[in-house]
Every structure is written in structure tokens, then in C-alpha cells.
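The values are calculated or read from the model by the stated rules, or taken from the named source; none is laboratory data. Computed from a predicted model, the values in this text were never measured in an experiment. When we count neighbours, we look across all protein chains shown, and the Cβ atoms used for this are built from the backbone with ideal geometry, even at glycine.
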């Protein structure tokens, strides 16, 4: 009887851990939707202006970084 009881406890514990583990699995992320041409242009303008704001503050590294991001949005295919 003791072996049967231990076996039953082990089975229940395994089932509980398996169920909890399957609930904790994170689903895979989906890809972001492709931006429209208008959205690409809006983001390009945003980063271009942000670059100039950093340039005016004397933060040239962030200015060139944002201008580079702006160029990437401008040259991305529509």
C-alpha cells in the first residue's frame, strides 16, 4: 500500500508540474506589421528634427545617430 501511495503522489506531482510548466511557456512573438510609406516618412521627419534638437544642444553623437535613423526610414522600401 505504501508503494501505491508513493506512486500516486509522484504521478500527481508530475502532472501538476507539467501543467504549470506548459502554462508558463511564453508564446512566440509575431513580426511587426510593415509600415506604410506615409508612416516611414513621418518617422523619418521625426528623427530628422530630433537630430537637429540634439545638434542645437551640442550633443553631436545623438544628432548624427538620429539623422542616420532618419536616413534609414527614408531609404526603406515602400
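For this structure, a couple of remarks:
- Residue count for the range 47-71, restricted to those that are surrounded by fewer than 16 Cβ atoms within 10 Å (Cβ to Cβ), free of Cβ contacts under 8 Å to residues at least 24 places away in the same chain and either in a helix (DSSP H, G or I) or within 22 Å of the chain's Cα centre (by Cα) (or both): 12
- Contact map, the range 27-38: residues that are farther than 15 Å from residue 78 by Cα paired with residues that are modelled with pLDDT under 70 and in a loop (DSSP other than H, G, I, E, B), Cβ distance under 8 Å, separation 6+ or inter-chain. No pairs are found.
- Within the range 24-46, the residues that satisfy the criterion of being assigned to a helix (DSSP H, G or I) and at pLDDT below 90 are 24, 37.
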